[in-house]
Amino acid sequence: MPEYKVGPADIFADDERRIVACDDKEIGIFKLDGEFYGWHNLCPHQGGPVCTGRVMSRVLEIADAEGCTRGQQYDDSQKHIVCPWHGYEFSIKTGSHPGNARVRLRPADVFVREGQVYVRL
Amino acid sequence: MNIQTKFDANPAPIQIIDGLTDTRDVLAHARKNALKRGLADWFICDVDAHHVESISWHEVVKYIEDPVIRDNAMRFHSERTGAPPYGLNGDLGLRYTSVGGRIPHQDERREKIPDTGVHRDVELTRRAMDSIGVDNMVIFPTPMLFLGMHPQPEMEVWLTRAYNRWLIDRILSEDDRIKTLLCLPFNTPKEAERTVAEFADKKGVIGFCVPSTRYKPVHHNDYMRLYSMIEETGKPLAFHAGYHWHDPSLATVNRFIGMHALGFVWCNMVHMTNWILNGIPERFPKLKPIWVESGLAWVPFMMQRLDDQYLMRQSEAPQLKRLPSEYMRDNCWYTTQPMETTHPKALQNTLEMINAETQLLFASDWPHFDFDLPQMIYDLPYLSEQAKRNILGLNAARIFNLEPTIRKNLMY
């Protein structure tokens, strides 16, 4: 299992995303709430460059006690990466599609050791 | 214990894709996937892709033949800052197609185009062809597809004719890999006939197109001469779907996703029903209709529904000599996109019912939000290689009389 050194962990701002090339594989590294998450830059839908898309908060539509809705809102605690090809959205923390948990990003092992970020594939 | 080899991870060349990103970078994975599957050596024809003609509308209006309307349009574009395209009545749904900016290429593409003398749309189409991996690309306009709903039927005639002349002059003449199914001003049958008579032999015109969004009965006697003329050219007639949110049948649908899912199929379901039950395939057996951009899942439904009703009420469709589904299978062609893939067995059944090996034509619909890639056909496990080659290009070569020559350059 080769390891790839990305660089110092402290160069990542919170909410930052970087795409790195590990030989022929591209990995999206996301820093969110102080933690690192890594996903292959391949959308499970048609193979699009999912990690290069917009980061958006999950959209919610809350029904009240009477079953009525009053519009939509963002849940800023749930950040999504949106594939720029077709709009498939995935939780940055879990890699799952919010509407079908069976549709998932392929994880990459990203970790910090001695202040450096690594990807292990 | 795994042996760990240490390497440096380098920044990937593309970090973020937005409206400024080069088409070749947006579609870099498509090109890689095509190469990986060996599609560089397959003839692939994309029967439905788009350009955004409204960006060039200030050029198109110069081709309006009516001197007063031309003058009005040119003055409108020169004197109004940020003027919308003169005369176009595009549907309000066009504002929502990028899902709030989540799909940037669906909105305006602002990538840099060097001034090489060829039109911007030619360069963009070349970039798309060599990234998706297609040898010929059939392009259609975008907001113009709503002109069938314009309150002024004359405007459909003026603008369609101007666009067609501009397209032939500025786009099709520049690159013979780029083709079109020329739009007809279908609400005015005599003008549609004139379009066929004048432009059928122009470079790049490989057929004709009825933008389907309109309230005109395709079986009306007024269209029989038109069909006869098109049949005589040997070129197909496409019904290119579109939506119309103001259609009464969609009056309660409040979400774009619902309106788009229904609207893009409904128009062609209506036209197909009239086409079959009025016996158009019996009257014009060599006419080749292509049902474009409605996906495929609607076809098995229609086949079953019409067959079932027809057997009980044959006297209401007396021109038919076979089941409706047999005309839909043997006398109709279909484009793939947006191919419904979430229920694989249903898709397999659909492909069998339409005899996909001879009747199905690959289409990407690039650059729209639900575009498809050739790999979607290539990866279907139950199709033979010959069936895949037919769907991806050889069926198109046959019905459009194209030379199936490899023209793409996936190795740029």
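The values are calculated or read from the model by the stated rules, or taken from the named source; none is laboratory data. Just so you know, these numbers come straight off a predicted model, no measurement behind them. With ideal geometry, Cβ positions are generated from the backbone for all residues, glycine too; neighbour counts draw on all protein chains shown.
In segment B:183-215, the residue that is surrounded by the fewest Cβ atoms within 10 Å (Cβ to Cβ) out of those that are assigned to a loop (DSSP other than H, G, I, E, B) and touching a Pro at 6+ places or on another chain (Cβ under 9 Å) is B:188. If you check residue B:180 against the conditions, is it buried (at least 24 other Cβ atoms within 10 Å of the Cβ) and closer than 27 Å to residue A:46 by Cα? So residue B:180 fits the description; yes.
Which residues, counting only those in segment A:98-110, are away from chain B (no Cβ under 12 Å) and either touching a residue at least 60 places away in the same chain (Cβ under 8 Å) or in a strand (DSSP E or B) (or both)? Of everything in segment A:98-110, those that are away from chain B (no Cβ under 12 Å) and either touching a residue at least 60 places away in the same chain (Cβ under 8 Å) or in a strand (DSSP E or B) (or both) turn out to be A:101, A:104, A:105, A:106, A:107. When the criteria are applied in full, residue B:339 meets the requirement of being under 14 Å from residue B:300 (Cα atoms) and part of a loop (DSSP other than H, G, I, E, B). Only residues that are more than 7 Å from every other protein chain (Cβ to nearest Cβ) and at pLDDT below 80: list them for segment B:2-16, please. If the condition is that a residue be more than 7 Å from every other protein chain (Cβ to nearest Cβ) and at pLDDT below 80, then B:3 is the only one that fits.
Report whether or not residue A:38 is in contact with a His (Cβ under 9 Å, 6 or more places away or on another chain) and within 12 Å of another protein chain (Cβ to nearest Cβ). No; evaluated as a whole, the condition is false for this residue.
Restricting the first residue to segment B:1-30 and requiring it to be within 20 Å of residue A:22 (Cα to Cα) and of a type outside the set (D, E, K, R), which pairs with a second residue that is assigned to a loop (DSSP other than H, G, I, E, B) and at pLDDT below 95 meet a Cβ separation below 7 Å and a spacing of at least six or different chains? Listed pairs, sorted by first residue: B:2/A:1; B:4/A:1; B:4/A:2; B:5/A:2; B:7/A:2.
Among residues of segment B:81-108 being of a type in the set (A, V, I, L, M) and in a helix (DSSP H, G or I), the one that is nearest to the chain's Cα centre (by Cα) is B:94. Residue B:364 fulfils the conditions (1) exposed (fewer than 15 other Cβ atoms within 10 Å of the Cβ); (2) touching a strand residue (DSSP E or B) at 6+ places or on another chain (Cβ under 8 Å); (3) not hydrophobic (A, V, I, L, M, F, W, C) except for a single criterion, (1).
How many residues, within segment B:97-131, are without any contact (Cβ under 8 Å) to a residue 12 or more places away in the chain, away from every other protein chain (no Cβ under 14 Å) and not polar (S, T, N, Q)? Number of matching residues: 5. Of all the listed residues (B:65, B:59), the sole one being within 30 Å of residue B:396 (Cβ to Cβ), more than 8 Å from chain A (Cβ to nearest Cβ) and touching a residue at least 40 places away in the same chain (Cβ under 8 Å) is B:59. Can we say residue A:17 is within 12 Å of chain B (Cβ to nearest Cβ), surrounded by 15 or more Cβ atoms within 10 Å (Cβ to Cβ) and touching a Lys or Arg at 6+ places or on another chain (Cβ under 9 Å)? When the stated conditions are applied, residue A:17 passes them. At least 2 residues being farther than 19 Å from residue B:161 by Cα is the threshold, and among the helices (runs of 4 or more DSSP H) wholly inside segment B:1-80 those reaching it are B:23-26, B:28-36, B:67-79. Scanning segment B:301-329 for residues that are assigned to a helix (DSSP H, G or I), in contact (Cβ under 8 Å) with a residue 24 or more places away in the chain and surrounded by fewer than 18 Cβ atoms within 10 Å (Cβ to Cβ) yields a total of 1.
Total residues in segment A:79-92 satisfying the condition of being touching a residue at least 60 places away in the same chain (Cβ under 8 Å) and out of contact with any Phe, Trp or Tyr (no Cβ under 6 Å at 6 or more places or on another chain): the figure is 1. Only a single criterion out of (1) surrounded by 13 or more Cβ atoms within 10 Å (Cβ to Cβ); (2) out of contact with any Asp or Glu (no Cβ under 6 Å at 6 or more places or on another chain); (3) of a type in the set (Lys, Arg); (4) part of a loop (DSSP other than H, G, I, E, B) is not satisfied by residue B:408, namely (2). Out of B:373, B:360, B:383, B:410, one residue alone is more than 18 Å from residue B:337 (Cβ to Cβ) and among the aliphatic types (A, V, I, L, M). It is B:410.
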